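Heads up, the thing below is written out as structure tokens.
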Amino acid sequence: MGLVSITPCQLRSILSLPSLQSLSLTDIRSVDMDDGETLNRQITSVDELSVDGKHVTSLWNLGLHTSCPRVKTLKLFWSRRRNVSSHIVTSDIVTTACCPFHNLTHLHIQALQPYKSCTILDDPVSFCKAVKTSCPRLTKLSLTCIDLYTKKAAEIIQLMKTHPHLTSIELDLCRTSADLDPLISEVNSEGKLTVTVKHGVWKDSATVM
């Protein structure tokens, strides 16, 4: 779904689909809660959930997180906002988004329309702390089109090495360079964690949204 406002009634209808396993609510215009309704603990079998980072709080207030307790893959997208040149992925949003999902094994954070604005992390240290704390069973971390550059990417790799269950880090088009390759080789040679990186920026590839 995209570019629409969504109400509790509409979302409740979507969640009532009996075979629903993957739900994408990326780039919705707004969450309309004027009627005061919630999802009333409606339980689904959704195991893959995609939401826009700016709507996490509103959707969770609606009760979406309690309706999807089986989520294993969470995709957080950051879409372009009008008259905003840069967006920040904060540790608070990561914590709020991930904490309800006790079975979460894959966290994917991606900027949409990266050619129109930049998306950055507020701080690698607080970001990694938030991921470790709120995603204790995480096995895979993916970042796509986030403006990390080589220094922040290296910090994330080093900090996430200590996560007890993490086995894979993927960094795609996060403005990294070949200067990161020695660290990647070193970490991969240790055998516990596999790091896969596609260097460069979005305009270098037509394969990313």
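Per-structure values
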item	result
All positions within segment 63-93 that are small (Gly, Ala, Ser) and either surrounded by 16 or more Cβ atoms within 10 Å (Cβ to Cβ) or at pLDDT 95 or above (or both)	Gly63, Ser67, Ser79, Ser91
One residue from Thr176, Thr162 being buried (at least 20 other Cβ atoms within 10 Å of the Cβ) and in a loop (DSSP other than H, G, I, E, B)	Thr176
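The values are calculated or read from the model by the stated rules, or taken from the named source; none is laboratory data. None of the values given here were measured: they were computed from a predicted structure. Cβ atoms come from the backbone with ideal geometry, glycine included; neighbour counts cover every protein chain shown.
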